[in-house]
Structure formats: C-alpha cells, structure tokens
Amino acid sequence: MSLPVVALVGRPNVGKSTIFNKLVKQKLSIIEDTPGVTRDRIYSDVVYKDYKFNIIDTGGIDAEKIAFNDEIKMQASIAIDEADVVLFIVDAKEGITSNDYIVRDMLKKSNKQVIVVINKIDSKQAKEHIYDFYELGFDEFVEVSGEQGSGFIELCDAIISKFENRKYTEKEDNRLKFSVI
Ligand code: GDP
Ligand code: MG
C-alpha cells in the first residue's frame, strides 16, 4: 500500500514552504519574500507517531510571466488530485484575499479532506483576521506559526486523524513518490 499523501495548498506567500520545511525538518524547499519562488512541486516524507506520509509543497508561480490565477489553479489542482488530505494554508498576517476564495472553491469541488492551517499566528495582525477564516466553510482549523514552529503537534495530530487505519509498518511500500513535470 502506498503512503498517504498530504498536499500543502494556498496562494503564494502564505508560508507553505516554511511549514513544509518544519514538517520535514530540512531546508528542502526554498523560502523567500517574493511570491513564487517554489518553482516545482517538492515531495518529502514525514514520520510522526506510528504514521508515515508523503507531503507535497506547491508553488511555482511567476506572476510576471504567467497569468496568476491560472498558475495557482494548475499547481493546486495537481496536488489536490494526488492528495488524501489537503492542508489549506492561509495567512493570518494578511487575512483573506480573493485568491484564498479561488483555492477554497477548488477544494470544495474536490471533496477531499481539508484542514485549514492558519499560519503566521505570531504576527500582531493575526488577532484581527483570525475569525475571518471561519467564513471559508471548512470544519477543521489549526493555528500555527511556521516561523516559530508553534502548533505543529496539533497539526500533525489533525493530519494523522484523517488516515484512519493506515498505520505505517515496515512491510509497506515506503519509496518516495516522485514525479517530474
Ligand atoms: P509560500 O509562498 O506559501 O511557500 O511562502 P513562504 O514559506 O515562502 O513564506 C513567505 C513569507 O512569509 C516569508 O517571508 C516567510 O518568512 C514568511 N512567513 C512564513 N511563515 C511565517 C510565520 O509563521 N510568521 C511570520 N510572521 N512570517 C512567516
Ligand atoms: Mg513556496
């Protein structure tokens, strides 16, 4: 049986790569202030408690070259298709934007299991914005700071609670899932 797949999806600059790196505890993914520095989808695996899963970081947007919304949609839809669980990353520093609603609509159509991850909870603007995210219409929310590493136990517990009986054992196929686009 293949490993469960967890995809990080969200508009640029919300902190997907920062959260990805915290989850895999390596600087695999590139983090930068400019939206769109994660060129390709990046895969890694995470072991937590009795579980092992693949995570996918998405990005790859260069707003100057490609129509912004089309690129967001393409990246997100590939990752969503592959995913068992989607982490919908939103930014408590900036609050909801129209691109968050684009991602929300795609996720609603997909019928995948979604956890809304409210990132940048450390920022002073977070308190003003945090309740807005409940309007997105999902049931599950976890507050994290990717930068400070807070909320990750709650996040990992929420992720594995979606796997039901898919506990990891040595007999399972644990090869890294990899694709080149
Ligand atoms: P991505 O485009 O969604 O992958 O976002 P990145 O992970 O590249 O992060 C975009 C920016 O947000 C960078 O400047 C990060 O340092 C910053 N950032 C990420 N997580 C946090 C956080 O928890 N708190 C704060 N204050 N900034 C963060
Ligand atoms: Mg990124």
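Being among the small types (Gly, Ala, Ser) and not in a helix (DSSP H, G or I), is that true of even one residue in region 106-115? Looking through region 106-115, none of the residues is among the small types (Gly, Ala, Ser) and not in a helix (DSSP H, G or I).
On inspection, residue 28 qualifies as hydrophobic (A, V, I, L, M, F, W, C), modelled with pLDDT under 60, in contact with a helix residue (DSSP H, G or I) (Cβ under 9 Å, 6 or more places away or on another chain) and more than 8 Å from ligand 1 (Cβ to nearest atom).
The values are calculated or read from the model by the stated rules, or taken from the named source; none is laboratory data. Keep in mind the model is a prediction, meaning the values are calculated, not measured. Cβ sites come from the backbone with ideal geometry, for glycine too, and all protein chains shown count toward neighbours.
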